[in-house]
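The values are calculated or read from the model by the stated rules, or taken from the named source; none is laboratory data. Because the structure is predicted, anything quoted here is derived from the model rather than measured. All Cβ positions, even for glycine, are placed from backbone atoms using ideal geometry, and neighbour counts span all protein chains on display.
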Amino acid sequence: MVRIILLLFLFLYSTNLATVEATTQYDEKDSPLSFKVEMVPWDIVNEILPRKSFFTIIDVETGLQFRVQRRAGSRHADVQPLTIEDTKVMKKIYNGKWSWKRRAIIVKYGDQMIAASMHGMPHGAGALKNGFPGHFCVHFLGSTTHRSNEPDLAHKLMLLKAGGKLDEYVSNADPYHLIEIFATGVNQKDRKIIKLTFLPQSKNKKLYKTLDQITIFSITNISYLPLSDLKGLLSMEIPVEVEIYREKQGRERKQLVFILVRNSMVDRWYIQQKELQKEL
């Protein structure tokens, strides 16, 4: 009888231990959660989240979260959803369709909350049995794509959004960069980014409806003046050659004239949206 009890105890102990090992191997460090979202440079993140590490991605807009594993990546993190259920959550974030659109996310690892950006398009190789055909990319402060030595502006804006620094960044933009930020907001279908480039307290539903119909807004040429020449200006007109693709109308090349204004020489620049509506 004693032997039977001893064998039962050993069985239960070994089963429990196996369960713990099976779950904790996918868990990040168990520690109190910090609610401070940090802007951590990529070279540091690259050490915090080494290859084969597990972490949680939280989508800023929806609050949905899923688990992932970093598999590779030198200029940014190449990541895969951990399970089929994690893949389903990620696809739900993208409204059921995989997309290259960037999204503001928070990476949770242990007690750290790190501002980041992801796209939602499976590509390349994948090693996990998760129903995700490949991997996707997660960008952090200062990380770049494989094709460029400079950070991708769309990823940069999204991680600034995740880190609560987007308003400050847009407020400090010069007129030319403000137009680039606007174009990026249109391409990413992100109304918050677009709205930050416009004059505040100005409602223009018609303009937003027009912008929603644009799939691609590409700047092909812009005429620059030295920034030193802008110091005394309160308004300016900037001719911009663009290529626009609308879903039902196809591709169109045209020149738009952006009118930018500010209240004083120490205030920030805004795009005058009423005039832009006429141009589009």
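For this structure, a couple of remarks:
- Test: residue in region 226-233 that is modelled with pLDDT of 90 or more and either over 16 Å from Arg268 (Cα atoms) or of a type in the set (Gly, Ala, Ser) (or both): no
- For the condition modelled with pLDDT of 90 or more, surrounded by fewer than 17 Cβ atoms within 10 Å (Cβ to Cβ) and more than 30 Å from Asn95 (Cα to Cα), Asp43 qualifies.
- Filtering region 193-211 for residues that are within 29 Å of Asp43 (Cα to Cα) and of a type outside the set (S, T, N, Q) leaves a non-empty set.
- Some residue of region 90-104 being touching a Ser or Thr at 6+ places or on another chain (Cβ under 6 Å), surrounded by 19 or more Cβ atoms within 10 Å (Cβ to Cβ) and not hydrophobic (A, V, I, L, M, F, W, C): yes
- All conditions in (1) in contact with a Pro (Cβ under 6 Å, 6 or more places away or on another chain); (2) over 21 Å from Asp167 (Cα atoms); (3) surrounded by 15 or more Cβ atoms within 10 Å (Cβ to Cβ) hold for Leu260, with the sole exception of (2).
- Selection of region 152-167 for residues being charged (D, E, K, R), under 18 Å from Ile58 (Cα atoms) and surrounded by fewer than 21 Cβ atoms within 10 Å (Cβ to Cβ) yields only Lys165.
- Complete set of residues in region 66-114 that are farther than 15 Å from Ala127 by Cβ and part of a loop (DSSP other than H, G, I, E, B): Ser74, Arg75, His76, Tyr94, Asn95, Gly96, Lys97, Trp98, Gly110, Asp111
- One residue alone among Ala154, Ala104, Ala127 is over 22 Å from Arg246 (Cα atoms) and under 11 Å from the mean Cα position of the chain (by Cα), and that residue is Ala104.
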